[in-house]
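The values are calculated or read from the model by the stated rules, or taken from the named source; none is laboratory data. From a predicted model like this one, the values you see are computed outputs, not experimental measurements. Using ideal geometry, Cβ is built from the backbone for each residue, glycine included, and neighbour counts are taken over all protein chains shown. When the accessible area is computed, the model is the full protein with side chains, heavy atoms only, and any ligands, DNA or RNA have been set aside. Shrake-Rupley method; radii C 1.70, N 1.55, O 1.52, S 1.80 Å.
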Amino acid sequence: MEMRGIRANVETYLWLLDGCFNSGSLLCAQKLHGKILKSGFDLENVLCDRIIDIYIGCGDLDGAVKVFDEMCDRSVSSWNKIINGFVVNKLSGRVLGLFWQMTAENVIPDEMTFAGVLRACGGGNVVFQYVHQIHARITYHGFGASTRVCNPLIDLYSKNGFIESAKKIFDRLCLKDSVSWVAIMSGLSQNGREVECIFLFRQMHTSGTAPTPYIFSSVLSACTKRELFEVGKQLHGLVFKVGFSSETYVCNALVTLYSRSGNFISAEQIFSTMRNRDEVSYNSLISGLAQRGSSGRALELFQKMQLDCLKPDCVTVASLLSACASVGALYMGRQLHSYAIKGGMSSDIILEGSLLDLYVKCSDIDTAHEFFLTTETENVVLWNVMLVAYGQLNNLSDSFEIFRQMQIEGMIPNQFTYPSILRTCTALGALDLGKQIHSQVIKTGFQLNVYVCSVLIDMYAKHGKLDTALGILRRLTEEDVVSWTAMIAGYVQHDMFAEALKLFEEMQNREIQSDNIGFSSAISASAGIQALNRGQQIHAQSCVCGYSDDLSVSNALASLYARCGRIEEAYLAFKKIDDKDNISWNALISGFAQSGYCEEALQVFTQMRKAAVEFDLFTFTSAVSAAANIANTKQGTQIHAMIIKTGYDSEIEVSNVLVTLYAKCGIIDDAKREFHAMAEKNEVSWNAMITGYSQHGFGIEALDFFQEMKKLGVMPNHVTFVGVLSACSHAGMVNEGLGYFDSMRKEHGLVPKPEHYVCVVDLLGRAGFLSRARKFIEDMPIKPDALVWRTLLSACIVHKNMEIGEFAAHHLLELEPQDSATYVLLSNIYAVAGKWDSRDRTRQRMKNMGVKKEPGRSWIEIKNSVHAFFVGDRLHPLADKIYEYLGDLNKQAANIGYVQDRYALLNDVEQGHKDPTVYIHSEKLAITFGLLSLSNSIPIRVIKNLRVCNDCHNWIKYVSKISNRAIVVRDAYRFHHFEGGTCSCRDYW
DNA sequence: GAAGCCTGCT
């Protein structure tokens, strides 16, 4: 044709190009392209489009782009061709740029454009923020209900953790095809919402949409993940009914289901009768077996697979590796690693991930790092796994270095990266770094991802920024149980139990199903305010949800009973736990210690040692704290020795409680030694010293420590001020105390809590400013609690002020009408003033209210047996000896100034009783018996169920001096440590 | 192939 001089026209070239396209010859196309350029037809878009098709088809993307760049007035279909060219060639990073350029040139994108762009976004290496922007364009151009565009969008959102957004898109679809259903169902399943996935399947089924094998495999895998094996079995029936029981995908999912439930008979049966077994079939059964520890059979199948003409592929090895990682089978994992190297698959991107994960999960970080260095850099998963590894080692600087380096190498952090690094920041208290990463999270559009949010909430909540944490939770658009639980737990960690329970309730009102950890946190919150009933109700709920055998929930229940002082129930709950861990034991020890049953706590500690359960940080802190509370120096120092042996003395929490132990026992030199030996101190350490000094009446020293603490820049907290204010009380420094109280708010931004008001009332009351104390209470911005009134009442008794005492007692009785001690105190005030009518009226009122005065009892332990005494008790076998020695003691005490305070309880009739020994209080008897029975080196320890009375208190001071013995009395309200004629309470209780 | 929430110390 050319030789005859006939010029080819556009049609001719089009035909020629078609031929070229069919033959797939790049060379031919290039020649033709040259001719077209020469002929000047290169301005014809229809030819250019065809040339682009051919170049892309032949893999010459650069050639295609060159043609594309030269074109003018490019149509949307030309843009689509080039976009898809990049997508197919996995150069998705450049697609977004093309898309923005296209919109800048006012070319209107169509469905095909968006489908391509979304595919590009799914390929990783795209900042997720852009997906939101593209979504906005999709809506703007009217494709918000198009399955072709929305199916990949659903997939993209759910893969990045935005399941709520995915659901919204799904709901707006006019026509849902089977791909839409699979996308949303597998999305739900991937985001931990397996139950909804199953629910949606039912909805789909009833709506008449026929399920496909893909849909079955998706819903079955949801059942497997949730361990809803019964539902899975029912679905198996349906599979049979609709005739999919030979479909490979369905059978694979069934094999996984049965093998995870441990039903290997069914699993193997399905497997062996399958028509077409593929690699996945083998992989499912192999990984099921390996996860259950049947590695022998797993390896057997691994061999057999090859006889079935299926080569174990990367996924086979990867699934075996993941099973190894989850059961910690490092040795088998290493063997698989060599297999992978021999089989030439060790550089597979997925396998690299599983290998690294194996080493990290098995805590072999050195090998992990070594392996990491041998891999190529562009696999973001490997970077993420390394972040987890350094997090495990509590190594913030290396973690951050990885985080920084990965970005230098062009990796974009994703929704896995942020939780890992942020968790490390949380654990190591690097709040500033955490905040910086938080701003990066916002910049890159992950601020609504539930995994990221849950860690952010946890980070802020754990470090006391509860408002910030709550803000994040409130802005979260997804319903996420973990984020809610993190917030609830944060409240619990900061003693804000009411807030925790309120939030838990709100979560349930929103029908967010709590998980085991949510339930256990809510039970802990109930325990924090001794709300036994509430805690029991929550426990019942958790049982309904299937958590009756869950360890966290069971531990929380034991802790609830223990912290509510229900010894028997706590032991019962503890015994019911099948696989007790240290937390179960610790729950009893710390719970008993917190509810004041410190002897029981120490007994549990001893049992724990006999049971050869390993102690941890929590065990030691709780046990020492129990010993400290009852000033049990002997057992306290024994535990200290064990702490040194096990190396826990380097832990700051342990040192803090040791300082407390010695301070509370009054061995202030040892407390100081522990304190100064600490490599690192926090505010708790300082508080322990300040409180210790203060409790032992060393007000000035306590305040010196407080000044020193401030000078060193350690931030005082609420507890510091309890110590400081009571130090001022002891030292009689009223004005200084009031000044410190003001400074809480003004200088330290601390809002005074009820206990601080109590301290100020104590400060004023002890100094005798009773009217000022009353005025102070009346002006309080919060409602005075019982302790405030009880403090005022005690001050009135010491200062013998009947009027204000009466006032205080009435308020106290309004709050606690069943507290017999208050009636007794009030009647004592009247007795002191000789107002016998008022006293009798009080006693009558007490009777009318149905309040019974508990009979006073005291206990003392002598050589592993407990001796109990009532008032005027003569039932003890050694009663005669005890009364004889008591008489001696009374004489000696009188010689050095003891005068019996006969007004403490008795009216004139009672005082005239023939035998005054009838009224001898039980603590006197117990102490006398202790002095008779115990060697000089052992302090006398007596427990009393009521408050110790004024007379006994005075008597014990004298006796401690005469006998030169330490006497420790724990009464209903506090603990008194008598030595050398004085008491640690400084006559004020 | 990778990620989050749960017991303790003043």
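Brief remarks on what is shown
- Check on A:MET744, out of contact with any Lys or Arg (no Cβ under 9 Å at 6 or more places or on another chain), buried (at least 19 other Cβ atoms within 10 Å of the Cβ) and in contact (Cβ under 8 Å) with a residue 12 or more places away in the chain: yes
- Residue match in the range A:474-483 (condition: over 19 Å from A:CYS543 (Cβ atoms), of a type outside the set (D, E, K, R), in contact with a Cys (Cβ under 7 Å, 6 or more places away or on another chain) and part of a loop (DSSP other than H, G, I, E, B)): yes
- All positions within the range A:562-572 that are open to solvent by less than 40 Å² (accessible area, probe 1.4 Å) and closer than 12 Å to A:ALA527 by Cβ: A:ALA562, A:CYS564, A:GLY565, A:ALA570
- Here A:ALA702 fits the description: within 24 Å of A:LYS753 (Cβ to Cβ) and either of a type in the set (Asp, Glu) or within 12 Å of DNA strand B (Cβ to nearest atom) (or both).
- Tally, over the range A:576-611, of residues that are more than 12 Å from DNA strand B (Cβ to nearest atom), open to solvent by 40 Å² or more (accessible area, probe 1.4 Å) and over 21 Å from A:LYS634 (Cα atoms): 4
- The residue list A:HIS696, A:HIS676 contains one member that is more than 8 Å from DNA strand B (Cβ to nearest atom) and either free of Cβ contacts under 8 Å to residues at least 24 places away in the same chain or of a type in the set (Phe, Trp, Tyr) (or both), which is A:HIS676.
- Residue in the range A:754-770 that is closer than 19 Å to A:VAL724 by Cα, open to solvent by 80 Å² or more (accessible area, probe 1.4 Å) and either touching a residue at least 60 places away in the same chain (Cβ under 8 Å) or aliphatic (A, V, I, L, M) (or both) present: no
- Qualifying residue in the range A:202-219 (condition: under 24 Å from A:ASN283 (Cα atoms) and of a type in the set (D, E, K, R)): no
- The residue that is farthest from DNA strand B (Cβ to nearest atom), among those in the range A:646-655 that are touching a residue at least 24 places away in the same chain (Cβ under 8 Å) and under 21 Å from A:LYS634 (Cβ atoms), is A:THR646.
- Qualifying position, being open to solvent by less than 10 Å² (accessible area, probe 1.4 Å) and more than 9 Å from DNA strand B (Cβ to nearest atom), among A:PHE497, A:PHE519: A:PHE519
- Positions within the range A:89-133 being assigned to a helix (DSSP H, G or I), within 44 Å of the chain's Cα centre (by Cα) and under 20 Å from A:ASP62 (Cβ atoms), in sequence order: A:SER92, A:GLY93, A:ARG94, A:VAL95, A:LEU96, A:GLY97, A:PHE99, A:GLY116, A:ALA120
- Matching helices (runs of 4 or more DSSP H) fully within the range A:531-575 where at least 3 residues are more than 16 Å from DNA strand B (Cβ to nearest atom): A:532-544, A:567-575
- Residue count for the range A:345-367 under the criterion of being under 15 Å from A:GLY391 (Cα atoms), in contact with a Cys (Cβ under 9 Å, 6 or more places away or on another chain) and hydrophobic (A, V, I, L, M, F, W, C): the result is 1.
- Qualifying residue in the range A:880-897 (condition: farther than 19 Å from A:TYR958 by Cα and at pLDDT 90 or above): yes
- Pairs with Cβ under 6 Å, 6+ apart, first in the range A:306-323 and within 11 Å of A:ILE350 (Cα to Cα), second near DNA strand B (Cβ under 10 Å from one of its atoms) and of a type in the set (Val, Ile, Thr): A:CYS314/A:ILE350; A:ALA318/A:ILE350
- Pairs where the first residue, in the range A:547-570, is without any contact (Cβ under 8 Å) to a residue 12 or more places away in the chain and the second is within 14 Å of DNA strand B (Cβ to nearest atom), C-beta under 7 Å, 6+ apart: A:GLU569/A:TYR561
- Only one of A:ALA808, A:ALA795, A:ALA767 that is more than 34 Å from the chain's Cα centre (by Cα), at pLDDT 90 or above and closer than 30 Å to A:PHE978 by Cα: A:ALA808
- The single condition among (1) under 21 Å from A:ASN191 (Cα atoms); (2) modelled with pLDDT of 90 or more; (3) β-branched (Val, Ile, Thr) that A:VAL231 does not satisfy is (2).
- A:ALA166 being part of a helix (DSSP H, G or I), open to solvent by 10 Å² or more (accessible area, probe 1.4 Å) and within 22 Å of A:THR444 (Cβ to Cβ): no
- Helices (runs of 4 or more DSSP H) within the range A:350-455 that include 2 or more residues at pLDDT 90 or above and open to solvent by less than 10 Å² (accessible area, probe 1.4 Å): A:380-392, A:396-408, A:417-427, A:431-443
- Residue, modelled with the lowest pLDDT, within the range A:935-967, restricted to residues that are assigned to a strand (DSSP E or B) and open to solvent by 10 Å² or more (accessible area, probe 1.4 Å): A:ILE943
- Scope the range A:60-100; condition in contact with a Pro (Cβ under 8 Å, 6 or more places away or on another chain) and surrounded by fewer than 19 Cβ atoms within 10 Å (Cβ to Cβ); matching residues: A:VAL76
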